[in-house]
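One structure below.
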Amino acid sequence: MTVTTDELFEIEQPLPEWAKRPIAVFDLETTGLDHKTARIVTACAALLNPDGSVNGPDVEWLANPGIPIPAEATAVHGITDEIAASRGLDLGTVVADIVKTLQGYFDKGIPVVAYNAPYDFTILRQHAEDFNVDWPENPSPIIDPLVLDKKLDQYRSGKRRLEVVAAHYKVKLDDAHNATADAIAAGHIAQALAVKFPGELDLELAVLHDNQIAWSRQQDESFAKFMIGINPDFKPIFGWPEKPRT
């Protein structure tokens with residue numbers, strides 16, 4: 001599956017060095033939002049060329065999560081218990097394969113793009129712990145278009161859901177909450193940000209990764225301050241690209 005963004009890549013202007021090379025993209029669809037209880041249902045990891053095209057075949061997984069898929073989750077990603085049970089692979093096998101795939105990208109210095117990275121990486125790490133799969137101590141480099149968009153265009157009003165931000169950057173997303181479509185759209189948003197903010201993002205990948213740790217913390221602290229004003233009992237959990245083990 002290829003999602004094209006022809007107009008975006010017709011723009012000729014300087015780009016950050018990392019945007020001139022292939023990037024990896026990664027997304028999970030799960031049974032829920034809590035990393036302590038959610039289980040992976042589908043996942044995608046793929047390489048994108050600098051022009052946004054998919055580099056080689058998509059790598060997509062369908063797992064049997066081993067627990068009932070709530071109706072509200074099925075309504076989002078379309079996978080039922082019956083589909084997962086009949087066509088899904090063993091969850092532990094899927095987890096090991098995803099971690100191996102991502103580690104292969106990291107070992108080559110290829111950045112992995114994940115929109116709202118703490119969601120995907122925290123759930124995947126929790127799975128790795130559950131299935132005794134070796135987990136990289138500091139997975140990097142990672143690029144999180146959500147963190148970058150909030151930092152570089154922080155005063156823009158409106159929500160920052162993937163489909164909203166994709167529309168803002170004129171990135172095509174026809175099948176939101178499909179793991180492959182979401183992963184590729186996240187990669188295209190990262191590339192669109194590189195086009196729009198070439199100077200700000202022309203950083204070594206290690207520096208960009210570390211900057212996102214700080215930027216995410218600032219953004220989470222701002223959100224926590226807002227939430228505590230509404231609910232004094234609100235307990236923020238900080239961390240990027242993974243939330244801490246609890």
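What ranking, highest mean first, results for peptides 20-33, 102-115 when packing means the other Cβ atoms within 10 Å averaged over each residue?
Top of the packing list down: 20-33, 102-115.
Sort 184-196, 161-173 by packing, meaning the average of other beta carbons within 10 Å per residue, with the highest value first.
On the way: 184-196: 25.5, 161-173: 18.0.
Highest to lowest by the protection proxy: 184-196, 161-173.
Express the relative contact order of the stretch 96-185 as a whole percentage, based on alpha carbon pairs under 8 Å and six or more residues apart in sequence. Please report the intermediate quantities before stating the final value.
Details: 68 pairs, mean separation 23.9, N = 90.
Computed value for the stretch 96-185: 27 percent relative contact order.
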Which cross-chain or sequence-distant (5 or more) residues have an amide H under 5 Å from the amide H of Ala63, H modelled 1.01 Å from N in plane? Thr42, Leu89
Across Lys100/Lys235; Lys150/Lys243; Lys159/Lys225; Lys196/Lys235; Lys108/Lys159; Lys100/Lys150, pairs whose alpha-carbon gap is larger than 27 Å: Lys100/Lys235; Lys196/Lys235; Lys108/Lys159; Lys100/Lys150
Pairwise centroid distance, computed over Cα atoms, of the stretch 123-165 with the stretch 94-118, Å: 12
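Every read-out reported here was derived from the displayed coordinates using simple, explicitly stated rules and does not represent laboratory data. Values in this document were obtained by computation on a predicted structure and should not be read as measured data. Cβ: placed from backbone, ideal geometry, glycine included. Neighbour counts: every protein chain shown.
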